[in-house]
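Okay, structure first, notes after.
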Amino acid sequence: KSLVLYIKVFTVKNQPPEVQQYLKKIRDHSIDVAKVSKALMNLECKDRDLIDSAYIAGLLHDIGKILLLQCNDKLKRAAFVNDHNSNDEQIGLEHEKFGASHVNVGAYLLSTWNFPSELIEAVANHHKLEVIQSGEFGLNQVVFIANALVDPNDLIIEEIKKVYGAEKVN
């Protein structure tokens, strides 16, 4: 299932070189988040289905970016591809340029494909710091933490350490 998703999601043809380069960056980041999500879930539980779901959620967490890249407006797409902003700035830019963020677009797409609600929520919440505030550890939290560890932000890492303990995060 993961292999089929990988091939379908990350195969976009007839794109300019800068879009292809950006797609490669998204693909590499998503694979890293998937691997870390799977590893984290494997440390916390031995439920094979949950571990597989963590991998798939990590792989698909930025699927909305791929959809936004399909935009026919070359100026919007170029601004999106060429900007190197923080996550919050990127989401704001996406709202400004496209009227929606990759988070919203990705969650919507997965809901139209009838993915499980837990996986959709993990995609929808992968930039929301609030998901870790309760100290719970499920699919939402795993994808958020994996994304934060793969693309480190010191403030978010410190918050994760406060909630789950520095020894565990280290």
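Calculated FRET efficiency, Glu96 and Lys24, Cβ-Cβ r, R0 25 Å, to nearest 0.05? Kindly include the intermediate steps, with their values, before the conclusion.
On the way: r = 25 Å, r/R0 = 0.99.
Between Glu96 and Lys24 the formula returns 0.50.
Measuring from centroid to centroid over Cα atoms, what is the spacing of the stretch 107-170 and the stretch 40-68 in Å?
Between the Cα centre of the stretch 107-170 and that of the stretch 40-68, the gap is 10 Å.
Rounded to the nearest 0.05, what FRET efficiency is calculated for Lys162 and Ala39 with R0 set to 25 Å and r the Cβ-Cβ distance?
0.70
The numbers here are math on the coordinates, done by the rules we state, and not lab data. This one's a predicted model, so the numbers in the text were calculated from it and none came from an experiment. All Cβ positions, glycine included, derive from the backbone under ideal geometry; neighbour counts span all protein chains shown.
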